[in-house]
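Please read the structure below before turning to the comments.
The values are calculated or read from the model by the stated rules, or taken from the named source; none is laboratory data. Since we're looking at a predicted model, the values are computed, not measured. Counting neighbours? That spans all protein chains shown, and the Cβs are built from the backbone with ideal geometry, glycine included. To get the accessible areas, we keep the full protein, side chains included, count just its heavy atoms, and leave off ligands, DNA and RNA. Shrake-Rupley method; radii C 1.70, N 1.55, O 1.52, S 1.80 Å.
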Amino acid sequence: MHVQMAWLILIVAASALPATGQTLFTRPYLPSTLSVEAVRPAYENGQLSSTTGALFFTGSYTLDKNIELIGELPVAHADGETISSTTALGNPLLGLGLSSTRIPFLVEIGVRFPVSSGDVATQLAQAADYGRGAAFLEKEKQAYLLANTRFMLGRKTSIRLRSGLAFGIFEEADTSGTDVTQRDLRLRYAVQVWREGDRLITGASFTGRGITTAPGSYSDKSRHHFAFSALLDFERIAPGITIGIPLNAEDRELASFIFGASLDLRLW
């Protein structure tokens, strides 16, 4: 039932209305970009330093009019009164964006490589990976298939839809303490509204992901966030900020909101 729902969402996104594959929270619909985003959750644990959070280095490179190479390197950092300063890599992403030249439709396919060690930095950084899809889960192999589309609401306002599936394989201890290979099939989805002025770009986003293969209600197996973004567009570069709010009570207990600062560079 859940798998059928996932494909229904994917088909709906495909049948609506070029999008590109960069991070959700930088300038929309640009080819060949580099961006860095620092994300700092407002942890309820007051003993954590202001530098505890994550950095995301993201790039897209247009190979031709239909193919875009996409990469991301997540980095976690933790420091505080009760923990020593530590920095660790998350799970890097490598993928392709396959776009249509006739309709605004993009398919993203790719993998995340199992690099994250599951230390305290990457555990805390899991609160910062909203909209990205489990960038810091311990040594997880992940493959994903996402569809993107957009349509215009007037001359300056657009809606972006993104949905699809992610498949993860990871090791998890059972009740006896023995590591057992687990396999998860997850839904991913996002709705984003962009307003593009001459210099100021603003966006509002709803993002979510959930596990379809675990028992229990979907509300207990999913995470959702709302975010507001504002960027200043200087053509080649665009600094921006994002404020995100977790919609799940468990996530809000860890961090009541999330602050991100980004810098986006268009290569040419």
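Tabulated data for the structure shown
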| read-out | value |
| --- | --- |
| Of the criteria (1) open to solvent by 30 Å² or more (accessible area, probe 1.4 Å); (2) in a loop (DSSP other than H, G, I, E, B); (3) at pLDDT 90 or above, which one SER116 fails | (1) |
| Qualifying residue in the stretch 62-74 (condition: modelled with pLDDT of 95 or more, open to solvent by less than 30 Å² (accessible area, probe 1.4 Å) and assigned to a loop (DSSP other than H, G, I, E, B)) | no |
| Count of the stretch 184-242 residues which are assigned to a strand (DSSP E or B) and either among the hydrophobic types (A, V, I, L, M, F, W, C) or loosely packed, with under 13 Cβ neighbours inside 10 Å (or both) | 20 |
| THR51 being buried (at least 16 other Cβ atoms within 10 Å of the Cβ) and either part of a strand (DSSP E or B) or among the β-branched types (Val, Ile, Thr) (or both) | no |
| Extreme residue, modelled with the highest pLDDT, among residues of the stretch 99-113 that are open to solvent by 60 Å² or more (accessible area, probe 1.4 Å) and more than 15 Å from the chain's Cα centre (by Cα) | PHE113 |
| Flag for GLY131 being part of a strand (DSSP E or B), of a type outside the set (A, V, I, L, M, F, W, C), open to solvent by less than 30 Å² (accessible area, probe 1.4 Å) and within 18 Å of GLU72 (Cα to Cα) | no |
| Tally of residues being more than 23 Å from GLY95 (Cα to Cα), open to solvent by less than 70 Å² (accessible area, probe 1.4 Å) and in a strand (DSSP E or B) across the stretch 166-181 | 3 |
| Some residue of the stretch 83-93 being polar (S, T, N, Q), open to solvent by 70 Å² or more (accessible area, probe 1.4 Å), under 26 Å from PRO246 (Cβ atoms) and at pLDDT 90 or above | yes |
